[in-house]
Amino acid sequence: MDAPPKISIIVVSGSHERLQMAAMVASVAAVSGNQVSVFVSMNALGYFRRSPESTPPAEGEFGRVMAQKKVPKFKDLFAQAVELGDAKVFPCSMAMDVLALKPGDLEPYLAEPIGLTAFLIDAADSQAWTF
Amino acid sequence: MAQKQVIDVRGAFCPGPLMELIANIKLAGVGDDLEVLSTDKGSATDIPAWVKKVGHQLVSSSEDAGVWHIVVRKAK
């Protein structure tokens, strides 16, 4: 049996629209036979804290309209990517150091923190997306 | 005996209906039918595409007054 196609996603944005799109790509790709790796860093990382619960700001009009509608929460989509599909969501170890976060501060479905070296080696033979 | 269940996700946006179907199909038995009720137009094409990609069976798909009824049979 062939190895599944690989998709790597780097998320650094703290905007609602970009976090939402990253979550949608990760979740739909993960349940459609792809092996998905997500690297969360910079402004995105803080939104993966277990608490306090915080909503990322809208970047533009779409974000404002989206907030009014019954759209799946991006955190739920990342959790579903891990639970229902083949996805791993890695927090960036550099960003964790900068924000003084420990793995226990973050959502339980996240994988262990890794650095760019490891992520880029893993991403070498995959599609790559950035948000 | 094959079961039939209804997944009512009317009002939910993409990819909510697809994710609900997948969560439920994981728990269903092979041969069970799952009928998704969705008002999301994108899901009406996404769900059949997913079904075909992963190897389940699309039993039927129809639209009535803005609501899609998509019946999927768990094939494996």
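Please compute how much accessible surface disappears when A pairs with B, both sides summed, using a 1.4 Å probe, and round it to the nearest 100 Å².
Details: alone 7430 and 4470 Å², together 10730 Å².
The A and B chains share an interface burying roughly 1200 Å².
Per-residue ellipticity at 222 nm for chain A, helices alone: DSSP H runs ≥ 4 residues times -39500 (n - 2.57), over residue total, nearest 500 deg cm²/dmol? Write down the numbers at each step before the final one.
Numbers: 6 runs with 53 residues, N = 131.
When only DSSP H runs of four or more count, the value is -11500 deg cm²/dmol.
If the only charges are +1 at each Lys and Arg Cβ and -1 at each Asp and Glu Cβ, what is the size of the charge dipole of chain B around the Cα centre, to the nearest 20 debye?
On the way: 9 positive and 9 negative charges, 73 e Å.
Here chain B has a charge dipole of around 360 debye.
Please report the relative contact order for chain A, taking Cα pairs under 8 Å with a sequence separation of at least 6, and give it as a percent rounded to a whole number. Please report the intermediate quantities before stating the final value.
Details: 221 pairs, mean separation 48.7, N = 131.
It rounds to 37 percent for chain A.
What's the average, rounded to a whole number, of partner chain beta-carbon atoms within 10 Å of each residue's beta-carbon in B:11-19? Walk me through the numbers before you get to the answer.
Details: counts 2, 4, 5, 4, 10, 7, 1, 7, 11.
Mean number of neighbouring Cβ atoms from other chains: 6.
Under a crude label model (7 Å from the Cα following the beta-carbon direction), how far is A:A58 from A:E112 in nanometres?
Between A:A58 and A:E112, the simple spin-label model gives 4.2 nm.
Taking amide hydrogens as modeled 1.01 Å from N in the peptide plane, which residues meet the under 5 Å criterion relative to A:L106, leaving out close sequence neighbours?
Distant-sequence amide H within range of A:L106: A:R50.
Most mobile of B:D33, B:D46, B:D64 per a Gaussian network model of chain B (Cα springs, under 10 Å)?
Checking each option, the largest mean-square fluctuation is seen for B:D64.
Which residue, B:A44, B:A28, B:A65, tops the fluctuation ranking in a GNM of chain B built on C-alpha contacts under 10 Å?
Maximum fluctuation in the GNM of chain B, among the listed residues, is at B:A65.
Given +1 on the Cβ of Lys and Arg, -1 on the Cβ of Asp and Glu, and no further charges, what dipole in debye does the protein assembly as shown carry about its Cα centre, rounded to the nearest 20? Write out the running numbers ahead of the final one.
On the way: 20 positive and 23 negative charges, 32 e Å.
In total the dipole reaches around 160 debye.
With a 1.4 Å probe and every protein chain left in place, tell me how much accessible area B:T45 has, in Å² to the nearest 10.
Estimated to the nearest 10 Å², B:T45 gives 100 Å².
What is the calculated FRET efficiency for B:M1 to B:K76, with r their C-beta to C-beta distance and R₀ = 22 Å, to the nearest 0.05? Present the calculation step by step, with values, prior to reporting the outcome.
Details: r = 18 Å, r/R0 = 0.83.
Approximately 0.75, to the nearest 0.05.
Which residues' amide hydrogens lie under 5 Å from the amide hydrogen of A:F90, considering only partners 5 or more residues apart or on another chain, with H built in the peptide plane?
A:V38, A:F39, A:V40, A:A111
What distance in nm separates the two pseudo spin-label positions at A:M66 and B:K26, each 7 Å out from Cα along the beta-carbon direction?
My value for the distance between the label points is 2.3 nm.
Counting only other residues whose beta carbon sits under 11 Å from that of A:S8, what net charge do I get with K and R as +1, D and E as -1? Before the final figure, lay out each step's value.
Working: positive: A:K6, A:K88; negative: A:D122, A:D125.
For residues surrounding A:S8, the net value is 0.
Residue by residue through the stretch A:116-124, which ³J(HN,Hα) values in whole Hz follow from phi under the Karplus form 6.51 cos²θ - 1.76 cosθ + 1.60 (θ = phi - 60°), with glycine and proline marked x?
Values per residue, Gly and Pro as x: 4, 4, 5, 5, 5, 5, 5, 7, 4 Hz.
Number of Lys pairs in chain B with C-alpha atoms less than 15 angstrom apart, excluding same-chain neighbours closer than eight positions? Before the final figure, lay out the partial values.
On the way: B:K4/B:K26; B:K4/B:K74; B:K26/B:K74; B:K26/B:K76; B:K52/B:K74; B:K52/B:K76; B:K53/B:K74; B:K53/B:K76.
Eligible lysine pairs with Cα atoms under 15 Å apart amount to 8.
Any aspartates and glutamates with Cα under 18 Å of the A:K75 Cα? List them, leaving off those in the same chain fewer than 8 positions away.
Answer for A:K75, where 18 Å is the Cα cut-off: A:E17, A:E53, A:E59, A:E83, A:D86, A:D105, A:E107, A:E112, B:E20, listed by chain and number.
For the stretch B:27-36, just list the computed ³J(HN,Hα) in residue order, Karplus coefficients 6.51, -1.76 and 1.60, θ = phi - 60°, integers in Hz, with x standing in for Gly and Pro.
Along the stretch B:27-36, the couplings run 8, 7, x, 4, x, 6, 9, 10, 9, 8 Hz.
The values are calculated or read from the model by the stated rules, or taken from the named source; none is laboratory data. Since we're looking at a predicted model, the values are computed, not measured. All Cβ positions, glycine included, derive from the backbone under ideal geometry; neighbour counts span all protein chains shown. Only protein heavy atoms, including side chains, enter the accessible area calculation; ligands, DNA and RNA are left aside. Shrake-Rupley method; radii C 1.70, N 1.55, O 1.52, S 1.80 Å.
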